[in-house]
Structure formats: structure tokens, C-alpha cells
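The values are calculated or read from the model by the stated rules, or taken from the named source; none is laboratory data. Because the structure is predicted, anything quoted here is derived from the model rather than measured. Here Cβ is always computed from backbone atoms with ideal geometry, including for glycine, and neighbour counts include all displayed protein chains.
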Amino acid sequence: MSYPKHHRGTPKGLCIVVTAPAPVALSLPFTPSSAAIARSRLQEWLTGLQASDDLVEDSRLVLSELVGNAVRHARPLDDGTVLVAWNTDDVGLDIAVTDGGAPTVPGALEVDVDETTGRGLSIVETLTDRWWLETSQSRSTVHALFSSRG
């Protein structure tokens, strides 16, 4: 199909399709070093979407905290891994970390200024629009949502 040289814009009848990026799900070893792998992959994915530097850095930190909490406080999945996933849609960026469950329910703690641990979910709470927990008998998933902002 050819168009006159003076034609500008989208030709009548031509549809431009924009596809959403594919969701990412990584099954990683249940070790602290998996946080670095997950951070790197998330950064690559978000950079490919031309996400803002703030979103890239904040989401990397949140993902790192969630993976760290899973490895420190929970059990691995039955195959010895932790599942890390993220997706974006019209609601925003959803980051999820799934482990084999923990003896306690995760929650943000109030800690003294001098404490060197215990800030993970407080950081998540501060940087995201919301976070929540989904549980079943054999697994727990913590989600963190960065809402789309106009």
C-alpha cells in the first residue's frame, strides 16, 4: 500500500496495536543472593518499558526487601525455591514474592533509630501505594503495588 507523499498521520483504516509487556515469573534459589538476580532482571524489564528512574530504583528496593524477608523469615517452596513475579497493567506495577509460608504473619514494625533490622516492610509500605498478603496451606505471596500515576 502506498500513500501520497503529502499524507500525514495514521492512514484511515490502519490500526496500531500496542501490546503490554509479558508478565515475568522467576523461580530462584531460596538464598539471599537471589535478591540481586531479581533486582537486575526487574531493572532490565522496567528500563525496556522506559520507566522513570524513581520507579526503577524504588521497585528494585521493594523487591530486594521482599526477597530478603522471604529468605530470612519463611520456608522455601516445595522445590527449594522462591518465586518472584511482576507485571504491569492499567492499575500499575505489581511485584509479588511467593515462598513456602512462615510461622508468623508479615507486618511492618516500628523500630528504634539504632536498629539495623526490621525495616523491610516499613520500607515497602512507604514506597508503594499498598501491599498485601495472600496465603494458602503451602505458600504465601506478598504483593506490592506501585499504582499508575497520571
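Across the range 48-83, the qualifying residues are those that are charged (D, E, K, R) and in contact with a helix residue (DSSP H, G or I) (Cβ under 8 Å, 6 or more places away or on another chain), and the one among them that is farthest from residue 146 (Cα to Cα) is 65.
Within the range 27-46, the residues that satisfy the criterion of being among the hydrophobic types (A, V, I, L, M, F, W, C), touching a strand residue (DSSP E or B) at 6+ places or on another chain (Cβ under 8 Å), touching a residue at least 12 places away in the same chain (Cβ under 8 Å) and within 18 Å of residue 70 (Cα to Cα) are 28, 30, 38, 42. Comparison of 133, 63, 55, 93 shows that the only residue that is at pLDDT 90 or above, of a type outside the set (D, E, K, R), within 23 Å of residue 23 (Cβ to Cβ) and touching a His at 6+ places or on another chain (Cβ under 9 Å) is 133. Taking the condition surrounded by 14 or more Cβ atoms within 10 Å (Cβ to Cβ), more than 14 Å from the chain's Cα centre (by Cα), modelled with pLDDT of 95 or more and not in a loop (DSSP other than H, G, I, E, B), does residue 77 pass? Criteria not met by residue 77. When the residues of the range 1-45 are filtered to those that are modelled with pLDDT of 95 or more and of a type in the set (Gly, Ala, Ser), the one that is farthest from residue 81 (Cα to Cα) is 40. Would you say residue 59 is among the hydroxyl-bearing types (Ser, Thr, Tyr) and within 15 Å of the chain's Cα centre (by Cα)? For residue 59, the condition - among the hydroxyl-bearing types (Ser, Thr, Tyr) and within 15 Å of the chain's Cα centre (by Cα) - is met.
Out of curiosity, is residue 88 modelled with pLDDT under 95 and surrounded by fewer than 22 Cβ atoms within 10 Å (Cβ to Cβ)? Answer is yes for this residue.
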